[in-house]
Amino acid sequence: MRLKFSKKTSICGFKKAKNYVLLNNYLDPTMMRNVLAMWLAKRLGVPYANTMVPCHVFINGHYSGAYTLTEKVGINSGSVEIEETEGILFELSTEYDEKYKFRSEVWDLPVMVKDPDFDELYEDDPEGLTPEERLALWQEDFNRAEAAVKEGRADEAFDMESAVNYFILYEFVKNSEIGYPKSFYLHKNSLAEGEKYYFGPAWDFDVAFNLLVVRDGVANPASPEGDIWVNALIGEMTDSEAFQNLYKERRKIFQEEFFPEMLGYLDTYAALIEPSAKLNGFRWPDSGFYSSWTFVEPSFDTKRHVAELREWLIQRAEYLRKRDI
């Protein structure tokens, strides 16, 4: 759900913003996949990683369940803090449903303008660029960046540190949605010479981790083994020498430092939300097939769900460690 105020407001310690998001965690009986992913995003240094706060939602006095409060992704003081008259926030997604969008030249990727609102910019400055002119400039710029990756010059157009950190996050939690792509965000401060595209923010981890995957009518947790599916842009970039050198360095730090910290955070957060998860499970007790590809369980058996997630994370880390040797 979207929570919108008439003016910028700070709640629960967030930076002032007009818009917030309430995530319902419906596909996640642990109620912590998105929370863990964002914790890891912050620890890795993924730009503009969201803050997550657990809460109960009541509508007209009626208990609607346990949600997670977080920032709405966009160019604003609570999310991507760049100048909207100069910068861009792209979302690459097969949904392809924003007003201003284009297909990229090299790999035919679906690129949408998430922010800023080109129409509003033109209303504020009718003597400036029209929305169509602004889109054309950014389309040309993105196509040049994509071509640079194809030609083996990825580090000239994309910030490698953010790319590596972003990839490690998605790889570890086994989120293949960037393969389609879906919910894949890139931002750039301006069209000025020398500026690069940055990966982030990260978003949407409901179908990651140990998601119950349905095959032949049977639901089993996603395997902790195997690699994620990526789109052609990321695939080409990860093969570059600049990416590989930094990846090896960051993976070692993740394995030795961040992962043990993550398990500690998991245990602390699980204890915090256990009463809430149980109450939410009784509010929404039904389980079953969400679709033909995943199965949903209620959240009241929180100790079991958390234990299963914790074991999956340990197995995933071990698989990646052995693969890297």
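VAL111 meets each of the listed conditions (1) farther than 30 Å from PHE209 by Cβ; (2) free of Cβ contacts under 8 Å to residues at least 60 places away in the same chain; (3) in contact with a helix residue (DSSP H, G or I) (Cβ under 7 Å, 6 or more places away or on another chain); (4) open to solvent by less than 10 Å² (accessible area, probe 1.4 Å) apart from (1).
For every residue, the table says whether it meets (1) out of contact with any Pro (no Cβ under 6 Å at 6 or more places or on another chain); (2) modelled with pLDDT of 95 or more; (3) not hydroxyl-bearing (Ser, Thr, Tyr).
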residue: PRO47; (1), (2), (3): yes, yes, yes
residue: TYR67; (1), (2), (3): yes, yes, no
residue: VAL73; (1), (2), (3): no, yes, yes
residue: LEU89; (1), (2), (3): yes, yes, yes
residue: LEU92; (1), (2), (3): no, yes, yes
residue: LYS101; (1), (2), (3): yes, yes, yes
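Going by the conditions given, is GLY65 surrounded by 13 or more Cβ atoms within 10 Å (Cβ to Cβ), at positive phi and either touching a strand residue (DSSP E or B) at 6+ places or on another chain (Cβ under 9 Å) or free of Cβ contacts under 8 Å to residues at least 60 places away in the same chain (or both)? Yes, satisfied.
Residue-by-condition table, conditions (1) in contact (Cβ under 8 Å) with a residue 12 or more places away in the chain; (2) in contact with a His (Cβ under 9 Å, 6 or more places away or on another chain):
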site: MET1; (1), (2): yes, no
site: LYS7; (1), (2): no, no
site: VAL21; (1), (2): yes, no
site: LEU40; (1), (2): yes, no
site: ARG43; (1), (2): yes, no
site: PRO47; (1), (2): yes, yes
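Cβ-Cβ contacts under 7 Å between residues 6 or more apart (or on different chains), taken from a first residue in the range 198-217 that is at positive phi to a second residue that is among the β-branched types (Val, Ile, Thr) and at pLDDT 95 or above, are listed as GLY200/VAL46; PHE209/VAL173. Scanning the range 76-95 for residues that are of a type outside the set (D, E, K, R), touching a Leu at 6+ places or on another chain (Cβ under 8 Å) and open to solvent by 20 Å² or more (accessible area, probe 1.4 Å) returns ILE82, THR85.
Could you please tell me which pairs satisfy a Cβ distance under 6 Å, a separation of 6+ or placement on different chains, a first residue in the range 166-187 that is aromatic (Phe, Trp, Tyr), and a second residue that is open to solvent by less than 10 Å² (accessible area, probe 1.4 Å) and part of a strand (DSSP E or B)? Within 6 Å, the pairs are TYR166/PHE199; PHE184/LEU92.
Going through (1) on the phi > 0 side of the Ramachandran plot; (2) under 21 Å from the mean Cα position of the chain (by Cα); (3) among the hydrophobic types (A, V, I, L, M, F, W, C) one by one, CYS12 falls short only on (2). Residues that are closer than 19 Å to PRO54 by Cα and either crowded, with 18+ Cβ neighbours inside 10 Å or touching a strand residue (DSSP E or B) at 6+ places or on another chain (Cβ under 9 Å) (or both) within the range 270-289 comprise ALA270, LEU272, ILE273, SER276, ALA277, LEU279, ASN280, GLY281, ARG283, TRP284, listed in sequence order. Within the range 30-49, can you find the residues that are within 22 Å of VAL306 (Cα to Cα) and within 12 Å of the chain's Cα centre (by Cα)? Answer for the range 30-49, where residues must be within 22 Å of VAL306 (Cα to Cα) and within 12 Å of the chain's Cα centre (by Cα): ARG33, ASN34, VAL35, LEU36, ALA37, MET38, TRP39, LEU40, ALA41, LYS42. Select, from THR130, THR94, the only residue that is of a type in the set (Val, Ile, Thr) and touching a residue at least 40 places away in the same chain (Cβ under 8 Å). Within the list THR130, THR94, the selection yields THR94. In the range 290-321, of all residues being among the aromatic types (Phe, Trp, Tyr) and within 16 Å of ASN25 (Cβ to Cβ), the one that is least open to solvent (accessible area, probe 1.4 Å) corresponds to PHE295. Does PHE259 satisfy the criteria of being under 22 Å from the mean Cα position of the chain (by Cα), surrounded by 12 or more Cβ atoms within 10 Å (Cβ to Cβ) and outside any helix (DSSP H, G or I)? No: the conditions fail for PHE259.
Take the conditions assigned to a helix (DSSP H, G or I), charged (D, E, K, R), in contact with a helix residue (DSSP H, G or I) (Cβ under 6 Å, 6 or more places away or on another chain) and open to solvent by 30 Å² or more (accessible area, probe 1.4 Å) and apply them to GLU249. Does it pass? Here the answer is no, as GLU249 does not meet what is asked.
The values are calculated or read from the model by the stated rules, or taken from the named source; none is laboratory data. Everything numeric here is computed off the predicted structure, so don't read it as measured data. Please note: Cβ atoms are built from the backbone with ideal geometry, for glycine as well, and neighbour counts cover all protein chains shown. Surface accessibility is based on the protein's heavy atoms, side chains included, excluding ligands, DNA and RNA. Shrake-Rupley method; radii C 1.70, N 1.55, O 1.52, S 1.80 Å.
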